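I have placed the structure first, in the form of structure tokens, so that the comments after it can refer back to it.
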Amino acid sequence: MAARSWKAVPRTVGTLALLTSALPFNLALTTVALLRSAVAGRPRPATAAAPRTILVSGGKMTKALQLARTFHRAGHRVVLVESSRYRLTGHRFSRDVDRFRIVPPPQSPGYAAALLRIVKEEQVDVYVPVCSPVASRHDADAKEVLAGHCEVVHLDPDTLRTVDDKDGFARLAASLGLDVPDTHRITDAGQVAAFDFAAAPGDTYVLKSIAYDPVHRLDLTPLPRPTAAETAAFAASKPISEANPWILQEFVRGEEFCTHSTVRDGRQRVYGCCASSAFQLNYAMVDEPAVAEWVRRFVAPLGTGQVSLDLIRTDDGRVYGIECNPRTHSAITMFDGHPGLADAYLTDGTEQIEPLPSSRPTYWLYHELWRMLSRPASAPERLRVIARGRDAIFDWSDPLPFLMVHHLQIPWLLVGNLVRLKDWIRIDFNIGKLVEPAGD
């Protein structure tokens, strides 16, 4: 382990050097934006008919910044929270964040009590969790603690646990008459070795962890392998157990989509759909009626909350639900500037909204720059993405988050790993973290 950690040191130092080299550009851009705002005057927030205090969690993530900007510019007061590890999130410096508070990690025994204390002290009216995969179940449990003190835009605990479980999700969707791949719960690698692939409905299967796994989730090795021994060995290489169940799921071929839905009392108020990929970095709305109908039918019985879905449309037009992530999707960045987004989250009786026709595709500039550096041949394509879209963090009237995410938040995390000789896999500027083995 120590040798492996030492090997990560040159990469960490090199990454810090690259970020430092970009600092002068970012400082210049931020200075221009601040001067422009000072001269032209910053747009004044709207006057809300009923101003509220909104608590938004997940402060390190771009989607939390998007919602903070949305609520504040609609005339509401925003309190942003994050755990101590990410206390230097660049988003705390946003002009659209009225207060920043630190809470324990979601899995800590005192998490719900800390939220309740903040709700009382800040006189919070609505809590909108922007969850990490680890946090979503804890926020559902906290919903019961916060009941009577504020509204919580999050699924109830039992509903969330059902849809957050890939096997439970498939069963629920099938019970609603919706198409899902053939799915089997696996608690022992021997079940994969013994599985009768020849008699199964699908010709190819994949293994997926039910619990969020930032490393193994990208491994879609097709099963069965060429030999039974290779299949058994592959299954045995995964951390499958009774306490950590996986699924063996039919691999459906087709076009992949991801969606975001905000639901209030079973009515979908916010809907966005975009093309999907394993490591999503670009978002642009697409009109897929069959996907929209699948999603509408699925979310109707879920109550109130935020639901992200992964789906596949096959060549014959059938739509299959692959998995559900009961939390805010980064596709919410497609709604930047939408005048109805705040009300859709906070008010009953609103009509469903989708991204505006004028909405530009979103990207993260430093991810695009890294793609160009690591694959120079892709530069023309990446430049077209930059020219046609908008950076999801940068805002001319609120430029400090862009500076601080890239030159405080991420460097702070890199230095921390360097000091601890801790390995990391990649930087996710969207989520505002280092992707690490066994990470959050």
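What number do you get for segment 239-332 when its Cα radius of gyration is normalised by 2.2 N^0.38 Å, N = residues? If you can, show how the numbers build up before the last one.
Numbers: Rg = 13.9 Å, N = 94, 2.2 N^0.38 = 12.4 Å.
Cα-based Rg divided by the globular estimate yields 1.13.
Return the subset of 63/143; 7/433; 7/60; 63/422 for which the Cα-Cα distance in this structure is over 23 Å, preserving the input order.
Checking Cα-Cα distances, 7/60; 63/422 exceed 23 Å.
Per DSSP H run of n ≥ 4, the term is -39500 (n - 2.57); total these for the chain, divide by its residue number, and report the mean residue ellipticity at 222 nm rounded to 500 deg cm²/dmol. Display every interim value, and only then the final one.
Values: 14 runs with 161 residues, N = 440.
Calculated at 222 nm, the ellipticity per residue is -11000 deg cm²/dmol.
Run the numbers on segment 154-272 and let me know its relative contact order in percent, using alpha-carbon pairs under 8 Å that are six or more apart. Provide the component values of the computation, followed by the final result.
On the way: 149 pairs, mean separation 35.3, N = 119.
It rounds to 30 percent for segment 154-272.
Can you tell me the relative contact order of the chain? Whole percent, Cα pairs under 8 Å, sequence separation 6 or more.
On the way: 834 pairs, mean separation 84.1, N = 440.
Relative contact order for the chain comes out at 19 percent.
Pop out the carbon and sulfur fraction of the accessible area of segment 51-202 as a percent, whole number, probe 1.4 Å.
Values: 2690 of 5660 Å².
Carbon plus sulfur share of accessible area: 48 percent.
Under the rule a/c < 1.5 gives rounded, and otherwise a/b versus b/c splits prolate from oblate, where does segment 74-124 land using the Cα gyration tensor?
Working: a/c = 3.15, a/b = 1.29, b/c = 2.45.
The shape class here is oblate.
Which whole-number value in Å³ per residue fits the convex hull of the alpha carbons of the chain? Please list the in-between numbers first.
Numbers: hull volume 71.1 nm³, N = 440.
Roughly 162 Å³ of hull volume per residue.
From the Cα gyration tensor of segment 27-69, with a ≥ b ≥ c the square roots of its eigenvalues, which class applies: rounded if a/c is under 1.5, or else prolate if a/b is larger than b/c, or else oblate?
Numbers: a/c = 4.48, a/b = 1.35, b/c = 3.31.
Oblate, because a/c is 1.5 or more while a/b does not exceed b/c.
Under the classification rounded if a/c is under 1.5, otherwise prolate if a/b is larger than b/c and oblate if not, where does segment 1-108 fall, given a ≥ b ≥ c as square roots of the Cα gyration tensor eigenvalues?
Details: a/c = 4.17, a/b = 1.44, b/c = 2.91.
Here segment 1-108 falls in the oblate category.
Given the options 165, 125, 219, state which has the largest fluctuation in a GNM of the chain using a 10 Å cut-off (strictly under) for Cα springs.
219
Mean-square fluctuation check for the chain, GNM, Cα pairs under 10 Å: which of 172, 218, 341 is largest?
218
Report the semi-axes of the equivalent ellipsoid for segment 109-191 in whole Å, largest first, where each axis is √(5λ) for an eigenvalue λ of the Cα gyration tensor.
33, 15, 8
Given the convex hull of the Cα atoms of segment 324-365, what is a quarter of its surface area in nm²? Don't skip to the end; give the middle numbers.
Details: hull surface 16.3 nm².
Here the figure is 4.1 nm², rounded to one decimal.
Would you mind working out the accessible area per residue for segment 182-338, using a 1.4 Å probe, and quoting it in Å²?
Numbers: 6310 Å² over 157 residues.
For segment 182-338, the solvent-accessible area averages 40 Å² per residue.
Rounded to the nearest 0.05, what FRET efficiency do residue 397 and residue 187 give with R0 = 45 Å and r taken as the Cβ-Cβ distance? Could you check? Intermediate values should be presented prior to the final figure.
Numbers: r = 52 Å, r/R0 = 1.16.
Taking R0 as 45 Å, the efficiency between residue 397 and residue 187 is 0.30.
Under a GNM of the chain (C-alpha, springs under 10 Å), which listed residue has the highest mean-square fluctuation: 419, 134, 103?
Result: 419 has the largest fluctuation of those listed.
For segment 70-142, what is the accessible area per residue in Å² when the probe is 1.4 Å? Mind dumping the intermediate values first?
Numbers: 2710 Å² over 73 residues.
That works out to 37 Å² per residue.
The values are calculated or read from the model by the stated rules, or taken from the named source; none is laboratory data. None of the values given here were measured: they were computed from a predicted structure. We place every Cβ from the backbone using ideal geometry, glycine too, and count neighbours over all the protein chains shown. To get the accessible areas, we keep the full protein, side chains included, count just its heavy atoms, and leave off ligands, DNA and RNA. Shrake-Rupley method; radii C 1.70, N 1.55, O 1.52, S 1.80 Å.
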